[in-house]
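Peer 1: I'd like to ask some things about the structure below.
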């Protein structure tokens with residue numbers, strides 16, 4: 001089993017949040033990351049404008065949302081993966 005790159009971890013976080021998971025603990029479990037690593041990745045994604053941190057009004061807890069920049073980046077990433085799968089299938093023939 002290979003380790004994920006930092007880039008793959010960023011996109012895993014973006015995908016999970018985009019699917020509707022917004023609480024940090026749930027994001028941590030869904031992405032299979034440690035709390036410390038997740039916090040570091042959150043900081044980078046927030047600073048880069050890929051996600052935004054909000055406070056849930058009824059509970060006062062922090063939640064995360066994907067920004068338009070994050071959605072665009074995720075879209076390009078997924079398209080590039082599709083291209084790689086197609087290339088790999090062509091090469092394997």
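Only the coordinates and a few stated rules stand behind these numbers; no lab work does. All of these numbers come straight from a predicted model, not from anything done at the bench.
Peer 1: Taking Cα atoms, how many degrees apart are the long axis of helix 6-18 and the longest axis of the chain, rounded to 10 and kept between 0 and 90?
Peer 2: The angle comes out at about 60 degrees.
Peer 1: Stretched out fully, how many nm does the piece from residue 23 to residue 46 gain, at 0.36 nm a residue minus the Cα gap?
Peer 2: 6.8 nm
Peer 1: Please compute the contact order of the chain in relative form: average sequence separation of alpha-carbon pairs under 8 Å and at least six residues apart, divided by the residue count, as a percent.
Peer 2: The value is 26 percent.
Peer 1: Would you kindly calculate the translational diffusion coefficient of the range 6-92, applying Stokes-Einstein with the Kirkwood radius from alpha carbon pairs, for 20 °C and a viscosity of 1.002 mPa s, and quote it in µm² s⁻¹ without decimals?
Peer 2: My calculation gives 156 µm²/s for D.
Peer 1: Using only helices, what value at 222 nm comes out for the chain when you add -39,500 (n - 2.57) per DSSP H run of length 4 or more and divide by the total residues, to the nearest 500 deg cm²/dmol?
Peer 2: Per the formula, -20500 deg cm²/dmol.
Peer 1: On full extension of the chain, what length is gained from residue 61 through residue 75, given 0.36 nm per residue of separation minus the C-alpha to C-alpha distance?
Peer 2: Between residue 61 and residue 75, full extension yields an extra 2.2 nm.
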